[in-house]
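One structure is given below, represented as structure tokens, and several questions about it will come after.
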Amino acid sequence: MSVEMIPNLVSFITRREGQKFLKLSQEINDSIITGSGLGGDAGISLYIHIPFCRSLCPFCCFNRYLFKEDSARQYFKNLKKELDLYIQKGFTFSDFYFGGGTPTILMDELIDFIDYLKKNFEVKQISLETTPREINPETINHLKTAGINRLSIGVQSFDNDLLKAMGRLFCPGEEIKERLLMAQGKFDTLNIDFVFNFPGQSIDTFEADVAAFKKLGIDQATFYPLMASPHKKDALERRFNRIDTTREKKFYDIILRELYTDGYKASTVWCFSRGKRMIDEYIIDSDDYIGIGAGSVSIVRGNFYVNTFSLDRYQELLTNNRLPIVGWRTLSEAEHRRYYLLTKLFGTRIDKGQFYQRFNTSIDQKLRNELLFFRLFGLVQGDNKISVTRRGMYPVSVMMREFFASLNTLREHYIEKQI
Ligand SMILES: C[S@@+](CC[C@H](N)C(=O)[O-])C[C@H]1O[C@@H](n2cnc3c(N)ncnc32)[C@H](O)[C@@H]1O
Ligand code: SF4
């Protein structure tokens, strides 16, 4: 098999693995969700989803709704109720990730919610996402005072033609740069997101975006390969051109050329940072995580479950004091181990000792063939601490894209059917 075929092969295998996550049962076994033995330091994080945006980008694969103030205020109330249910089950958290949507859409509610977290937990770190149009001195001040450690801003591109195609010309490229500079240096980590392999995006445009990121001196950038779920793919292809994954590697090669060295470090295969920086990939930071909010997913001790994506159902279940879970899957031991492998590869490192601690068995025994494959093609190196090599970066990126694409299929189904 030639090296060029590896991404195709891993893509196929991961897609098959990811599809298992689509087979969810509606029998919800929430009595086994308990926080005992999973203290704040035992590696469980809390993800909080705020699904409201001022406009909806056509390519976006997350659960999001057009902002309506009444419904957003009610939503924040429900979030507290959901959190209370987890507290009653003995959960405690110290690392928090606000994602969206747009978490800053109602600043007073956000601050009130963060205060609620501080009242209930010993807060160690908070990461939060927002869009450039929300960034101004006042917002930055509020976020800093609230104790946000990592601020992540979805830039996507600085190119106005591309921003227009993405439905995001609400803030043109030059204005985005000015707003980013307002925030740079104000948080432990400032991250910006880019999308690559968008239909119509040229390699030159992408090179210019990466160069602008470096020139601005921002701490960190995360590069998302465009991921489309089946229906979104049809809609995107009708609206733009074909989504051509064969072009993807050309974009990724630029990331590697510009950011694999030159003072940056890969925090994940998609995220490159100067110095030691926080990342928002709670899925690799923590072995277990709970997601609250409409459309969040959770993994606790090998149980994968999803919350309702519907705002009405979210409200209804919480009014009845029930966790808003609508889909459930208990992973088999082997699925759980492979999920662990995927997320650690995504974070570019696997620690054999940590694997042993989690599974009480050795990785060499249980994932022998997988590791053999990765070693054989030079995709990983090292013994006790296994790391992804430069050559392994793109195949792992493909694996993660495929895995997320499966989750997007699930999201799309739940959103369309309002489950
Ligand atoms: C959920 S958004 C939240 C950020 C914020 N709402 C914004 O748009 O600026 C986080 C990131 O996901 C990425 N994203 C959204 N949809 C995507 C898709 N279909 N494929 C790849 N990345 C996507 C974008 O880069 C975006 O910045
Ligand atoms: S990309 Fe961000 S702003 Fe656009 S719809 Fe998705 S969450 Fe909202």
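The values are calculated or read from the model by the stated rules, or taken from the named source; none is laboratory data. Here the structure is a predicted model, which is why all the values come from computation and not from measurement. As a convention, Cβ positions derive from the backbone with ideal geometry for all residues, glycine included, and neighbour counts pool all protein chains shown.
Criterion first (buried (at least 18 other Cβ atoms within 10 Å of the Cβ), in a strand (DSSP E or B) and without any contact (Cβ under 8 Å) to a residue 40 or more places away in the chain) does Ile290 satisfy it?
Taking the combined requirement at face value, the residue does not satisfy it.
OK, next. Got at least one residue in the range 198-211 being among the hydrophobic types (A, V, I, L, M, F, W, C), within 16 Å of ligand 2 (Cβ to nearest atom) and in the same structural domain as Thr145 (by TED's automatic domain parsing)?
yes
Here is a further query. With part of a helix (DSSP H, G or I), at pLDDT 90 or above and farther than 22 Å from Met393 by Cα as the only criterion, which of Lys215, Lys232 stands out?
Of Lys215, Lys232, the one residue that is part of a helix (DSSP H, G or I), at pLDDT 90 or above and farther than 22 Å from Met393 by Cα is Lys215.
Could you say which residue among Ile87, Ile126 is hydrophobic (A, V, I, L, M, F, W, C) and part of a helix (DSSP H, G or I)?
So the residue among Ile87, Ile126 that is hydrophobic (A, V, I, L, M, F, W, C) and part of a helix (DSSP H, G or I) is Ile87.
Follow-up. Give the residues of the range 174-185 that are in contact (Cβ under 8 Å) with a residue 24 or more places away in the chain and more than 16 Å from Glu129 (Cβ to Cβ), sorted by residue number.
Within the range 174-185, Glu175, Lys177, Leu181, Met182, Gln184 meet the criteria.
Being in a loop (DSSP other than H, G, I, E, B) and surrounded by 16 or more Cβ atoms within 10 Å (Cβ to Cβ) is the filter here; which residues of the range 198-212 pass it?
Passing the criteria: Phe198, Pro199, Gln201.
Hey, any hits in the range 133-140 for a residue that's within 20 Å of the chain's Cα centre (by Cα) and either more than 14 Å from ligand 2 (Cβ to nearest atom) or under 17 Å from Pro58 (Cα atoms) (or both)?
no
Picking from Glu129, Glu134, which residue would you name as being within 16 Å of ligand 1 (Cβ to nearest atom), free of Cβ contacts under 8 Å to residues at least 40 places away in the same chain and charged (D, E, K, R)?
One residue alone meets the criteria, Glu134.
Then there's this: If Ser152 passes every condition in (1) within 16 Å of ligand 2 (Cβ to nearest atom); (2) in a helix (DSSP H, G or I) but one, which one does it miss?
Only one criterion in (1) within 16 Å of ligand 2 (Cβ to nearest atom); (2) in a helix (DSSP H, G or I) is unmet by Ser152, namely (2).
For the condition in contact (Cβ under 8 Å) with a residue 40 or more places away in the chain, under 20 Å from Gly263 (Cβ atoms) and within 16 Å of ligand 1 (Cβ to nearest atom), what is the one hit in Ile140, Ile153, Ile192?
The unique qualifying residue is Ile192.
Check Tyr47, Tyr75, Tyr97 and return the single one that is within 16 Å of ligand 1 (Cβ to nearest atom), touching a residue at least 60 places away in the same chain (Cβ under 8 Å) and in a helix (DSSP H, G or I).
Tyr75
On to the next question. For the range 155-179, name all the residues that are among the basic types (Lys, Arg) and either within 16 Å of ligand 2 (Cβ to nearest atom) or outside any helix (DSSP H, G or I) (or both).
Lys164, Arg168, Arg179, listed by residue number.
Hey, among Phe52, Phe91, which residue is crowded, with 17+ Cβ neighbours inside 10 Å, away from ligand 2 (no atom under 15 Å from the Cβ), of a type in the set (Phe, Trp, Tyr) and in contact (Cβ under 8 Å) with a residue 40 or more places away in the chain?
Only one candidate passes the filter, namely Phe91.
Continuing with this model, one more query. Tell me whether the range 333-346 contains one or more residues that are within 23 Å of Tyr414 (Cα to Cα) and not in a helix (DSSP H, G or I).
Checked against the condition, which is being within 23 Å of Tyr414 (Cα to Cα) and not in a helix (DSSP H, G or I), the range 333-346 yields no hits at all.
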